[in-house]
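Worksheet for the structure shown next.
The values are calculated or read from the model by the stated rules, or taken from the named source; none is laboratory data. Keep in mind that this is a model prediction, so the values were computed, not measured. Positions of Cβ are backbone-derived with ideal geometry, glycine not excepted, and every protein chain shown enters the neighbour counts. Calculation scope for accessible area: heavy atoms of the full protein, side chains included, ligands and nucleic acids excluded. Shrake-Rupley method; radii C 1.70, N 1.55, O 1.52, S 1.80 Å.
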Amino acid sequence: MLVGIVSEYDIDESNGIYGWRGRHQVISELILRYKYHDQRDLYRLYELVIDFINPSYEIERMTINELCDIYTGVGRLQDRQQQNVLYRKMISTAASLRPPRHRLIYNLIRSGDYDAAANEIRIFEKELSKDAPLLRYKAILLIERAKTVTGLMREDRLAILADAAGLVEKGLDQYPADKALHRTHCIIGIEVMKLSGRWDIYDKALNRLRGAEEQYLDPEMGHLISRMTARADGLEDNEF
């Protein structure tokens with residue numbers, strides 16, 4: 001049925017390691033979409049792939065990284081808990097790879113499971129060196145706690161947001177071209193504006209983003225400046 005569409009090729013024939021490749025990425029996407037349209041079948045497919053991965057091979061590690069894509073990988077599953085099971089499987093299989101840990105932490109934050117997310121961050125820091133995504137998720141965790149934890153006074157929420165801003169600023173010292181960190185910095189400023197009407201953190205974040213755009217000539221940074229400016233303008237009109 002798939003002759004001429006999916007082909008097998010040798011990776012390490014002596015050890016029985018082979019790969020499959022589709023004739024075209026679009027065709028491969030259609031096969032996955034329609035053959036595994038049922039979420040249970042899709043989950044089982046991902047589970048089988050992960051169970052048989054051998055991280056000794058670079059192509060297998062690349063497979064894990066690709067499975068972490070939110071659009072073409074495990075993110076296709078609608079159940080976030082199922083996603084987390086698979087991310088934990090990947091971490092157990094290849095503990096040195098970062099993307100599964102990133103995705104697990106992100107999912108836990110989105111689910112409001114802040115203590116579990118904080119624990120995964122601590123494990124990440126203990127077992128692997130920090131990177132830009134981890135710093136961003138640490139800041140996002142602080143933002144979400146400042147926004148959603150009940151019983152906090154306004155001053156406490158602002159103090160948490162200030163901690164998040166400080167964390168991102170240190171991260172940008174190390175990763176000045178990271179657009180996601182710049183975006184998070186601006187969002188912190190916007191959250192501070194919502195609580196206090198103060199513009200200082202937002203202004204600092206936007207000025208730093210503009211400086212990075214001039215330095216790196218990245219057109220996506222220009223788009224980000226436009227989005228963040230429009231977001232702040234809308235806040236100014238609606239909130240104050």
Quiz item: Which of the residues spanning the stretch 219-235 are under 18 Å from Asp178 (Cβ atoms) and among the basic types (Lys, Arg)?
Solution: Arg227
Quiz item: Restricted to the stretch 183-224, and to residues that are in contact with a Pro (Cβ under 9 Å, 6 or more places away or on another chain) and buried (at least 16 other Cβ atoms within 10 Å of the Cβ), which residue is farthest from Ala146 (Cα to Cα)?
Solution: Glu213
Quiz item: Picking from Ala180, Ala230, which residue would you name as being within 26 Å of Leu104 (Cβ to Cβ) and open to solvent by 10 Å² or more (accessible area, probe 1.4 Å)?
Solution: Ala180
Quiz item: Do we find that Val26 is surrounded by 12 or more Cβ atoms within 10 Å (Cβ to Cβ) and modelled with pLDDT under 95 in this structure?
Solution: no
